[in-house]
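What follows draws every value from the coordinates through simple rules; no lab data is involved. Given the structure is predicted, the values throughout are model-derived calculations rather than measurements. Neighbour counts are summed over all protein chains in view; Cβ atoms, including those assigned to glycine, are modelled from backbone coordinates with ideal geometry.
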There are 2 protein chains.
Amino acid sequence: MRIAILAHEQFPDRAKTAVGVLRYGDHEVAAVLDRTLAGDHVAEYVPDVPDAPIVDSIDEVGAIDALLVGIAPIGGGFDETWRPDVRGALERGCDVVAGLHYFLADDDEFARLAAEHGADIRDLRRPPDDLTVSDGTASEVDADVVLTVGTDCSSGKMTTTFELLTAARERDIDAAVVPTGQTGIAVADYGIAVDRVVADFAAGAVERMVEERGDHDLLVVEGQGALCHPAYSGVTASILHGSMPDALVCCHVAGRDVVHGYEHVPIPPPGEYAEIYESVADPVSPTRVAGGALDTHGIDDDEAAREAVAEYSGAIDAPATDPVRFGVDHVLDAILE
Amino acid sequence: MRIAILAHEQFPDRAKTAVGVLRYGDHEVAAVLDRTLAGDHVAEYVPDVPDAPIVDSIDEVGAIDALLVGIAPIGGGFDETWRPDVRGALERGCDVVAGLHYFLADDDEFARLAAEHGADIRDLRRPPDDLTVSDGTASEVDADVVLTVGTDCSSGKMTTTFELLTAARERDIDAAVVPTGQTGIAVADYGIAVDRVVADFAAGAVERMVEERGDHDLLVVEGQGALCHPAYSGVTASILHGSMPDALVCCHVAGRDVVHGYEHVPIPPPGEYAEIYESVADPVSPTRVAGGALDTHGIDDDEAAREAVAEYSGAIDAPATDPVRFGVDHVLDAILE
């Protein structure tokens, strides 16, 4: 499938979905739309992914099958400056895929254009309408279940999830993911955006996915938020208890000590944070932090990054890595122990 | 307002909303509908509330303003055996008030009958449509904020909330509640059913209510679920972080050591549980378990109940009581310290 990715004014650092699909998806990316970087190329900003031009608007994109809205601002609203691009895509019969809280299919103009031009609108965050509460039974699946958790939002959970999946498959392990956010769903073409589910059913949604994919040997569940996050802790707790994981991989951004977007809220030291995760999980289903993932992109020097990883490993008392920089092999070993 | 309360086959022990409104509401209750107890009276089951007959169906109820659906099964579904009663109420122009996940106003027959007969349908769990994520700012309100938390669902949080409110008002303290579930909303005629909110916005919904009522001197926030509950921990975490409470009152049912409805899941010892609440709350907004509420209804002997309360108080290291049996005065003292 050939796609364009809308990421206006936020590529690459605040465009998680765009970068995730570039890195882990099997789509062919024809272009990224970012009006502030128009004329540049993806490769200038994101190494190790297929290159693509960055353009100003949908009008500069050739033939594509779909436009993916590859950004999701806090609150998940729709930015009206994106309207001409979505309109332009629908008018040429392209599908539009989006992970916003605001459902594009419910927008009168977009719905009308999609119908007129035979295009589909897929809102990745729209939950199934038959969800219910958790039964507390996810631990009964055959698969080893590992959950990525974190000390903050945007701390590498999605990346670590797909790096673990890739590494496991390279070892011929029968592995699958349980995506819980729009990027993972866009990459895997499967999943439920747990943050968009009715709060009472959030754990149940995760449990359903774990049980649907429970016949694999290894299941990597994508975590969301953080357990001590002022806004998203509910989603995190629901995933923790709904998935009943055998092991946790704790994700952290090197040097980050306050919550992103909530700078008045401190992040507990990673070692304490790992213990909080274990103590909250334990009564429902005992688990352990079996590995760590440290995002060291802010550290230029490889040796200094290795030292930061070693320090982080000591703090959480488990093997750690930077998945993008150093791979996940020994963390995967620790999970499989 | 004169009402009847539907509680078929579940009155009184599994009819939280029915009993809550009988005890704390200022409605006049004309009858309770429970086909298995028809012919009996409320006073035979629930002491210290105004008496009312228990009847078989809406046909045996005299003039009322509204029918309240006073039960909420796990999952919040609508039991089709209740349909004749709801239909009967609407056909005589009575309003219908319900706290189910299934919205009665969206039921075709009920919507049509309501329109035909000039009746209103109020679904207490329907959230406002303009909710958003938490800003992490609830701690800035003037009020002292106390949150009731628990070791399980149905462990006395709603009861404790309203007992604290009543006791505070008896001392001429300017106090208010933040109801977060259908019963509290039915009693207080205010509130948001946080379990029905999109998971990402659950903390934000609580924050909004705390800020709306933040000018009172004391705000008692009704907790939900439990932080180590296999299905509802997300709602609990959202309320904990969204309300940023100054103090917690931890509710527990004497002798209960497994999660209600999830008997394979143990409840941690109350002292440990109190520490888990504090450790998860702390990074966002430090708080303390300032008091405890022990439901001793399973203990016949008053002296044994007092001993159980004393033991519980020791376990959580804070003053405790059974709010219904012994009042909340010294727990309120501890909160106000």
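Under 18 Å of direct C-alpha separation, and excluding same-chain neighbours fewer than eight residues apart, B:Lys157 reaches these lysines: B:Lys16. With 0.36 nm allotted per residue and the present C-alpha distance subtracted, the A:Glu337-A:Arg14 stretch has 112.7 nm of extension available.
Taking every residue in B:262-270 and counting other chain Cβ atoms within 10 Å of its Cβ, the average works out to 3. Cα centroids of the range B:264-296 and the range A:248-305: 23 Å apart.
Calculated from DSSP H runs of 4 or more alone, at -39500 (n - 2.57) each and per residue, what is the 222 nm mean residue ellipticity of the protein assembly as shown, nearest 500? About -9500 deg cm²/dmol. The Cα atoms of the range B:288-337 define a convex hull whose projected area, averaged across directions, is 3.1 nm². Take every DSSP beta bridge with both residues inside chain B and express the antiparallel ones as a percent of the total, to the nearest 5. So the antiparallel bridges in chain B amount to around 5 percent.
Counting Cα-Cα pairs of the range B:2-123 in 10 Å increments starting at 0 gives whole-percent bin shares of 15, 50, 31, 4. Remark: the range A:254-324 carries a charge dipole of roughly 300 debye about the Cα centre, counting +1 on each Lys and Arg Cβ and -1 on each Asp and Glu Cβ. The antiparallel fraction among DSSP beta bridges confined to the range B:2-123 stands at about 5%.
Its alpha carbons give the protein assembly as shown an Rg and a Dmax of 26.3, 81 Å.
Just counting partner chain Cβ atoms within 10 Å, what average do the residues of peptide B:133-140 show around their Cβ?
Working: counts 9, 7, 6, 9, 3, 1, 2, 0.
Mean shielding count: 5.
First check a/c for the range B:249-337, with a ≥ b ≥ c the square roots of the eigenvalues of its C-alpha gyration tensor; if it is under 1.5, answer rounded, and if not, answer prolate when a/b is larger than b/c or oblate otherwise. Cα axes put the range B:249-337 in the oblate bin.
Between copies, the label points at B:His260 (set 7 angstrom from Cα along Cα-to-Cβ) are spaced 4.0 nm, reported in nanometres from shortest to longest.
Remark: the range B:199-337 carries a charge dipole of roughly 380 debye about the Cα centre, counting +1 on each Lys and Arg Cβ and -1 on each Asp and Glu Cβ.
Give the shape of the range A:141-198 as rounded, prolate or oblate, defined through the alpha-carbon gyration tensor: a ≥ b ≥ c are the square roots of its eigenvalues, a/c under 1.5 means rounded, and otherwise the shape is prolate if a/b is larger than b/c and oblate if not. Because a/c hits 1.5 or more and a/b exceeds b/c, the range A:141-198 counts as prolate.
Semi-axes of the equivalent ellipsoid for chain B, computed as √(5λ) from the eigenvalues of its C-alpha gyration tensor and ordered from largest down, come to 32, 23, 18 Å.
Between A:His297 and A:Asp40, the C-beta separation translates, for a Förster distance of 22 Å, into a calculated FRET efficiency of about 0.70. Each Cα pair under 8 Å and six or more residues apart adds its separation to the average, and for the range B:212-337 the resulting relative contact order is 22 percent.
Each of A:Val178, A:Ser233, A:Gly271 was scored by the projection of its Cα onto the charge dipole of the range A:138-336, and the greatest displacement toward the positive side belongs to A:Ser233; charges sit on the C-beta of Lys, Arg, Asp and Glu. With a simple spin-label model that places each label point 7 Å from the Cα along the Cα-to-Cβ direction, the separation between A:Glu116 and B:Arg112 comes to 3.6 nm. Distances between equivalent label points of B:Asp302 across the copies, with each point positioned 7 Å along Cα→Cβ, amount to 7.8 nm, shortest listed first. Here the dipole of the protein assembly as shown is about 760 debye; that uses its Cα centre as origin and unit charges on the Cβ of Lys and Arg (positive) and Asp and Glu (negative). Mean partner shielding of peptide B:201-213, defined as the number of other chain Cβ atoms within 10 Å of each residue Cβ, is 3. With all pairs of separate Cα atoms included, the range A:1-40 yields a Kirkwood hydrodynamic radius of 10.2 Å. When the Cα positions of A:Val198, A:Val146, A:Ala293 are compared along the charge dipole of the range A:138-336, A:Val198 comes out farthest toward the positive end, with charges on each C-beta of Lys, Arg, Asp and Glu. Placing dummy labels 7 Å off each Cα toward the beta-carbon, the span from B:Thr166 to A:Ala304 is 6.4 nm. Each other copy holds its own label point for A:Glu275; taking that point as 7 Å from Cα along Cα to Cβ, the gaps run 0.9 nm, nearest first.
Of the residues A:Phe11, A:His117, A:Ala63, the one whose Cα sits farthest towards the positive end of the charge dipole of the range A:2-123 is A:Phe11 (charges of +1 on Lys and Arg Cβ, -1 on Asp and Glu Cβ, taken about the Cα centre). For chain A, averaging the sequence separation of C-alpha pairs within contact (under 8 Å, six or more residues apart) and dividing by the residue count gives a relative contact order of 14 percent. Using C-alpha pairs under 8 Å with a sequence gap of at least 6, the mean separation divided by the residue count of the range A:26-94 gives a relative contact order of 29 percent. Each distinct pair of alpha carbons in the range A:138-336 adds a 1/r term; the inverse of their mean, the Kirkwood radius, is 16.4 Å.
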